[in-house]
1. What is the Å³ per residue value for the convex hull set by the Cα atoms of the chain?
2. Given the convex hull over the Cα atoms of the range 64-128, what projected area results after averaging over all orientations, in nm²?
3. For the range 25-86, what's the radius of gyration and Dmax over Cα atoms, in angstrom?
4. Magnitude of the Cβ-charge dipole of the chain, K/R +1 and D/E -1, about the Cα centre, nearest 20 debye?
5. Run the numbers on the range 87-130 and let me know its relative contact order in percent, using alpha-carbon pairs under 8 Å that are six or more apart.
6. Using only the heavy atoms of the protein chains and a 1.4 Å probe, how would TYR149, TYR142 rank by accessible area, largest first?
7. Run the helix sum for the chain: -39,500 (n - 2.57) per DSSP H stretch of 4+ residues, divided by residue count, reported at 222 nm to the nearest 500 deg cm²/dmol.
8. Which percentage, to the nearest 5, of the DSSP beta bridges contained in the chain is antiparallel?
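The values are calculated or read from the model by the stated rules, or taken from the named source; none is laboratory data. Because the structure is predicted, anything quoted here is derived from the model rather than measured. So basically every Cβ, Gly included, is an ideal-geometry build from the backbone, and we count neighbours across all protein chains shown. Heavy atoms of the whole protein, side chains included, go into the accessibility calculation; ligands, DNA and RNA do not. Shrake-Rupley method; radii C 1.70, N 1.55, O 1.52, S 1.80 Å.
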Amino acid sequence: MPPKASSQSPSLMAAARELAASLVDWSVDVIDPVLMRLCDAHAPGYPGVRYRIGCGRQTCYRHQPGGRGHTITYGVGMVADHLCGNHHQWTHTREIARHRFVDGNTSPPCALAHIAIHETAHALQSHRGGRRRGSVHNAAFYKAVGDLYDALGRDRLMDGTRQLERAFVQGRASAGVTGAEGKPDPRAPINPATKFCKGQQVCFATPQGQVITAHIDRVNKVTCTVTCMQSGQGYRVPHALLWP
């Protein structure tokens, strides 16, 4: 279930729709062909899935039994939460941490990539007969998730997350999202000690558009000294460019 809805600005929602469109494009171009191969290997004749953007927060896979209406919807409100840095309240983020999908990286672009695989796995699970009323996130589902990750391969997964990273950075810029809490153009000065602490996991974007996940080594007056969790490289990043 999605978390409780919150009010979002028009500029944020417009940016979220653009980012959702990038998620749909990646799903159609890269993930869907992998899904079709896995479905055909189980039983030929799978009609395919239609990926779409929803106007609300709901993100889900739907199928009309006996019909051809396989649809995956990415809610624009869900994507807006990722732009704001509020995505940790969604179940799929905890799923990444628990099962170590995408190397356990819960940064917004990686979380969005996992959403696409998560929802597409429901389609594969359904085609294989492993989806039943009252038993959705079961062993058959996680087998489908693993099979999709394996068939997709690390190179295509990393290409996809980089594509989403670029769209994510552009989306935050166009929405005016600059603060760690994801609020457009904050005016009042904030004591960094109230937002950050040593050992906290944070994210920031490089000038090249890459999103880095790091932990804080030290909170300075206007910056934080952080270490990238993947490469071990150190950075000094202004508070305004960090988000949880």
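1. That works out to 124 Å³ per residue.
2. The Cα convex hull of the range 64-128, projected and averaged over all directions, gives 4.9 nm².
3. Rg and Dmax of the range 25-86, Cα atoms, are 13.7, 42 Å.
4. Approximately 600 debye in magnitude.
5. About 27 percent, as a whole number.
6. Highest to lowest solvent-accessible surface, that is TYR142, TYR149.
7. Theoretical 222 nm ellipticity from helices: -13500 deg cm²/dmol.
8. 80 percent
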